[in-house]
Amino acid sequence: MNRRAFLLTATAMAAPGDKVRFAVVGVGGRGHDHIQSLARIPEARIVAICDADQTRLERTAQLVAKLQGSPCKTYQRLEQTIEDREVDAVAMATCNHWHALGTIWACQAGKDVMIEKPASHNIWEGRRMVEAARHYGRIVQVVHQSRALTHVREGIDLLRQGVIGKVYMARGICFRRRESIGRKPDGAVPPGVDYSYWLGPAPMRPFNPNRFHYNWHWFWDTGNGDIGNQGVHQLDIARWGLGRELPETVVSTGGKFVWDDDQETPNTQQAVYQYGDAQLVFDVRNLPTQNEGAISRRGESFVGNIFYGAGGFMELDNSSARIYRGDRLDREIPSTDKGHDDTIRLTKNFIEAVRTRDHRGLICDIEEGHRSAALSHLANISYRTGRKLKFDPVAERFPDDREANLLLTREYRSPYIVPARFG
């Protein structure tokens, strides 16, 4: 930790006593979830919120005052937010393309960070986030809520103990029904929106409502498709249960089928990651689809995981962990988390790590979050290049493949440039 960060930390943590003072940055859907959770945690207080959309900012400030019985400050720019000496920690729920720069700026300002998934917008900047957290001595937790679920943690522990024998394949399923976004013309920037700032590191382009609130997920400039939106949760669980980090090869295919609209990312995507003695298989579908295999759930959407071992398999979703010996159900571990807020659990875990200054106690430290996000990015790079790719999991590069390596990062728009090194 450098001297400036140390002094900021010492000042900040001396003031609040038994409360950690949060700024929530990005107050859309997940930002509201963070606000609802923080308002229910006695050890936390929301002192500031930040968003490039002034209308959304003002509306959310009213919500904060109502929920916690006291007002908060409002900012349209992150720099102003993290310069506030009352802010100890940042709950970052911005668009994906702001995740890395926002986290790094906060670390440099002496703030600890809870960053939404996926940790990064690309692999290169994910590694920079890890380096920044370590260099500045900051606590950075990635919000993978499923890691906080009791039955998920018990299921993963059983896999480690060999309940189905050696695990040779993990499968992730993201059957998330979505609708076409249609086509919309470019138009005027809505009043009160600092659009250039909202774009930040992304290229400047005319404002289009289809690229703005939420639908930014479906454009390469700002999002990572559904494999990096919903899918990264199941990729994270698959990688965790398989006990692996980054793969040796990846191949991903699919496409945008049926819809004729503005979306750039695929609505159907498959990915296979090879680890030598094991593999991870992933499936994204946004169109109507049937249930598959032993998993039986009615409705338009299903997300979950299946682990295959030498002696059986395990199904793992939000309702339970189901263990099969051979073809027969051996036992089921139902969820006991109904009525519990998994974001609250992650936040309390984060607050404990902020106090102890030990990132090793985090449910999902930035290093783990980076690796899981990298799986999404690897699949998208294979999809966009149209071929199977060899990957060096140590160097985090594609050997002798310039086209693929260019997609490990992006051209950053000045002055929103992710630093290449620290110190």
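Quick notes on this structure:
- One residue stands out among those in region 61-76 that are of a type outside the set (Gly, Ala, Ser) and in a loop (DSSP other than H, G, I, E, B): the one that is farthest from the chain's Cα centre (by Cα), which is 71.
- Taking strands (runs of 3 or more DSSP E) as the structural unit, those lying wholly within region 96-177 and holding at least 3 residues that are surrounded by 24 or more Cβ atoms within 10 Å (Cβ to Cβ) and aliphatic (A, V, I, L, M) correspond to 112-116, 140-143.
- Any chance residue 282 is of a type outside the set (A, V, I, L, M) and modelled with pLDDT under 95: no
- Residue in region 350-361 that is among the aromatic types (Phe, Trp, Tyr), under 20 Å from the mean Cα position of the chain (by Cα) and buried (at least 20 other Cβ atoms within 10 Å of the Cβ) present: yes
- Evaluated against (1) closer than 28 Å to residue 241 by Cα; (2) in the same structural domain as residue 234 (by TED's automatic domain parsing); (3) among the small types (Gly, Ala, Ser), residue 386 falls short on exactly one condition, (1).
- Checked against the criterion of being within 24 Å of residue 144 (Cβ to Cβ), aliphatic (A, V, I, L, M), part of a loop (DSSP other than H, G, I, E, B) and under 18 Å from the mean Cα position of the chain (by Cα), region 77-91 contains not a single residue that satisfies it.
- With respect to being in contact with a helix residue (DSSP H, G or I) (Cβ under 8 Å, 6 or more places away or on another chain) and surrounded by fewer than 18 Cβ atoms within 10 Å (Cβ to Cβ), residue 189 fits the description.
- Hey, residue 247 touching a strand residue (DSSP E or B) at 6+ places or on another chain (Cβ under 8 Å) and either surrounded by 16 or more Cβ atoms within 10 Å (Cβ to Cβ) or free of Cβ contacts under 8 Å to residues at least 60 places away in the same chain (or both) or not: yes
- Among residues of region 396-423 that are outside the structural domain of residue 224 (by TED's automatic domain parsing), those with a beta-carbon under 7 Å from a residue that is surrounded by fewer than 14 Cβ atoms within 10 Å (Cβ to Cβ) at least six positions away or on a different chain give the pairs 413/203; 413/204.
- Unmet requirement for residue 333, which otherwise passes all of (1) among the β-branched types (Val, Ile, Thr); (2) assigned to a loop (DSSP other than H, G, I, E, B); (3) surrounded by fewer than 20 Cβ atoms within 10 Å (Cβ to Cβ): (2)
- Residues satisfying the stated conditions in region 336-358, i.e. at pLDDT below 90 and either assigned to a strand (DSSP E or B) or among the basic types (Lys, Arg) (or both): 338
- Residue match in region 369-389 (condition: surrounded by fewer than 15 Cβ atoms within 10 Å (Cβ to Cβ), assigned to a strand (DSSP E or B) and in contact with a strand residue (DSSP E or B) (Cβ under 7 Å, 6 or more places away or on another chain)): no
- Per-region count, region 336-349, residues crowded, with 24+ Cβ neighbours inside 10 Å and charged (D, E, K, R): 0
- Members of region 390-423 found to be outside any loop (DSSP other than H, G, I, E, B) and among the hydrophobic types (A, V, I, L, M, F, W, C), listed by number: 404, 406
- Scanning region 227-272 for residues that are in a loop (DSSP other than H, G, I, E, B) and within 17 Å of residue 371 (Cα to Cα) gives 227, 228, 229, 230, 243, 244, 245, 246, 247, 248.
- Of all positions in region 98-112, at least one carries a residue that is of a type in the set (S, T, N, Q) and more than 22 Å from residue 379 (Cβ to Cβ).
The values are calculated or read from the model by the stated rules, or taken from the named source; none is laboratory data. Since the model is a prediction, treat every value here as computed from it, not as a measurement. Neighbour counts are summed over all protein chains in view; Cβ atoms, including those assigned to glycine, are modelled from backbone coordinates with ideal geometry.
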